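First the structure, in the form of structure tokens, and then the observations on it.
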Amino acid sequence: MMKAANPLPVLFRASLQELRLFLVSASMLLCLMAPQELRAEPWKVGIAQIPIEDELSENLAKILLYHQKAADEACRVVVFPEGALSGASKNEPADMEQALAQIRKAAASHGLYVVLGGKSSGPEGRPLNWMVTIDPSGHEILRYDKLYNKPTAAMPQAFSIDGSLSSAIICADRWLRGVEELPIISGAKVSFELSDNFEAEWIPDLGWYWYVPRALRNGVYVVFANTAGPGRHGHSAVIGPDGAAIAASTGNAEELITALIDTSKASRGEATRRQQHPLLGRFWNEGLKILTSGSDQIKPPDQYSSPELEIKLAVAQMACSRKVSENVEKMKAMIREAATNGTDVVVFPELAVTGAREEDVLSADKETLGKALEQIREASRQAGIHTVFGMPHDAEGKRRNAAFVVGPDGAILTRYDQLAVDRPRLFTAGSAAGAMWFRVKGVPAVVSIGRDGLWNEIAEMTSLAGAQLRFHLSYDQSTGEHASLRRLQIWANVASYGTFTATVNAASPEGLHSPSASADGGSALWEDLQPRVESRLASKGEKREGYEDLEIYSPWSANCIVRAGKREQVIYSTQRVNRNNEHRSARFNPAMASWYALGARLFGARPGF
């Protein structure tokens with residue numbers, strides 16, 4: 001038997017200097033790691049929800065006052081909103097630096113980390129929007145310019161608070177995934193956002209709809225600091241890794257909101273799952289590479305174009321039985337109803353054919369599922385409409401959670417296997433995005449399932465590739481008011497990338513003879529087709545004509561056109577789609593253009609689409 005090669009001779013061939021350098025580097029790394037682990041104890045954060053005054057001196061005085069307030073509350077970190085250090089008149093660089101010097105001194109005096117937003121005059125009078133993080137010794141450990149104001153600025157890096165990595169976002173930069181989530185993928189456990197949000201940006205029906213999904217899809221804390229006062233909305237909050245609000249302002253008053261942050265509870269589990277996924281991992285790892293060392297230029301694909309026409313969608317919020325035959329008969333009836341109402345597409349929940357109970361999914365054999373598929377194909381052909389629905393199927397000896405799309409001629413247009421599997425004991429995850437794609441009257445469309453919605457990079461990248469219609473299928477077994485709000489918050493994120501979107505959930509099966517798993521509906525239809533028009537109008541306090549009475553009007557995200565209740569029903573909407581999807585991720589983040597180009601390629605359709 002051949003002996004394994006001994007590595008020691010290779011080591012001894014290295015020069016003495018190289019060996020010393022290696023040992024010193026290793027020792028330094030170990031010394032750095034050990035104290036960090038020891039210091040990673042819970043710490044208290046204080047959010048200074050304050051209005052911005054007209055003069056720099058007034059804002060400085062208020063900032064120093066809240067240093068004292070935070071120290072009195074035994075905070076370790078004090079956070080100020082976007083533009084907190086600013087003034088209406090032009091601020092000379094010397095005045096701003098003098099103000100920052102006083103803040104650094106106060107941080108050291110009180111032993112505080114300070115996360116601070118500022119605004120000053122730049123070249124040609126254009127405002128510069130920035131933030132700094134100051135440690136308890138008074139030293140700056142982060143300075144970051146808002147990319148929405150200065151797209152060529154450097155990407156912000158993660159920074160340490162008592163040994164735990166954190167990251168920072170300035171308001172609209174939340175739209176830039178490299179700012180929002182790459183630092184988390186690289187290890188940050190707390191995401192700070194400093195904002196100066198308009199009053200119209202608070203949507204009561206959606207609550208903290210940017211922050212709860214961010215916490216959930218990463219498994220981290222989210223600290224949101226917003227301004228108070230006229231024209232703003234307050235509602236600063238700390239969201240836990242489980243999506244629950246640990247502490248929050250209930251309105252627009254000036255106040256200090258405090259909460260305990262225990263980073264040991266921020267597992268980053270969901271972020272890790274995304275990074276380790278066969279397909280999504282390629283996307284995230286390339287992003288980390290570009291962030292740290294750059295990469296070769298990746299050319300974006302040609303975006304899929306669309307005819308500019310009206311599309312009518314029907315969401316069939318169906319209550320599922322445990323019996324496949326009963327579900328198929330109900331689906332056939334709802335297909336006929338949708339066709340009678342002039343619908344182009346009718347969409348059903350995830351696992352509509354079998355219901356969501358594990359034993360029913362496992363017991364449905366190939367013959368039963370095949371027969372169900374043929375009946376649905378024939379119903380679609382007779383009705384002359386597209387049908388999108390969820391059903392399990394077996395491939396390569398493994399059960400998949402699939403979405404089937406049947407055309408108006410009864411042909412199977414695609415079968416997509418869920419990428420982000422919710423129940424790994426039951427289903428094997430898909431590894432390719434190409435099957436998400438199909439066309440409706442020439443319009444590019446995608447379908448997704450369940451947790452795919454939480455992993456909203458899937459939604460963004462398919463929009464960059466050119467999706468105009470989005471269909472998201474769910475069978476959410478979590479019920480009640482809290483679950484309903486969380487589902488709506490996730491869906492609002494999914495729908496906010498320039499598409500006409502249907503999000504469908506199963507209806508409550510209560511009252512059926514043989515009910516499947518619990519569910520409570522809440523399906524919705526959304527549109528985000530004119531985002532720039534709506535945001536311009538909102539800045540003037542106006543709404544888009546004809547859209548004033550939607551279920552939820554949200555000028556900086558998708559509008560919810562209509563929502564279903566808990567029970568079985570069909571809801572409808574007609575919208576005119578655009579020639580091209582208007583979402584542009586790299587517009588304010590050119591440094592990451594290659595990353596977005598890769599994402600559009602990875603999540604694009606199969607060849608020949």
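The values are calculated or read from the model by the stated rules, or taken from the named source; none is laboratory data. Computed from a predicted model, the values in this text were never measured in an experiment. In this analysis, Cβ positions are derived from the backbone assuming ideal geometry, glycine residues included, and neighbour counts consider all displayed protein chains.
Here are a few things to note about the model shown:
- Of all residues in the stretch 418-444, those satisfying the criterion of being under 25 Å from Val577 (Cβ atoms) and assigned to a loop (DSSP other than H, G, I, E, B) are Leu419, Ala433, Lys441, Gly442.
- Among the residues of the stretch 307-328, the ones that are over 27 Å from Glu527 (Cα atoms) and of a type in the set (Gly, Ala, Ser) come to 2 in all.
- Criterion applied to Thr414, Thr428, Thr368, Thr387 was being of a type outside the set (A, V, I, L, M, F, W, C), over 20 Å from the mean Cα position of the chain (by Cα) and closer than 25 Å to Ala597 by Cβ, and the one residue passing it is Thr414.
- Number of residues in the stretch 555-580 that are in contact with a helix residue (DSSP H, G or I) (Cβ under 9 Å, 6 or more places away or on another chain) and in a strand (DSSP E or B) equals 5.
- Some residue of the stretch 24-40 being surrounded by 14 or more Cβ atoms within 10 Å (Cβ to Cβ), modelled with pLDDT of 95 or more and within 23 Å of Thr263 (Cα to Cα): no
- When the residues of the stretch 569-582 are filtered to those that are in contact with a Pro (Cβ under 9 Å, 6 or more places away or on another chain) and modelled with pLDDT of 95 or more, the one that is farthest from Ile311 (Cα to Cα) is Asn581.
- Selected residue (only one of Ala101, Ala94, Ala71 is at pLDDT below 95, part of a helix (DSSP H, G or I), surrounded by fewer than 22 Cβ atoms within 10 Å (Cβ to Cβ) and in the same structural domain as Val223 (by TED's automatic domain parsing)): Ala94
- Filter result (of a type in the set (D, E, K, R), farther than 17 Å from Ala591 by Cβ and in a strand (DSSP E or B)) within the stretch 132-147: Glu140
- All told, Pro278 meets the bar of being at pLDDT below 95 and out of contact with any helix residue (DSSP H, G or I) (no Cβ under 7 Å at 6 or more places or on another chain).
- Within the set Phe427, Phe438, the sole residue that is over 15 Å from Gly604 (Cα atoms) and either among the small types (Gly, Ala, Ser) or modelled with pLDDT of 95 or more (or both) turns out to be Phe427.
- Whichever residue in the stretch 445-466 is assigned to a strand (DSSP E or B) and not polar (S, T, N, Q) and, among such residues, is nearest to the chain's Cα centre (by Cα): Ile449
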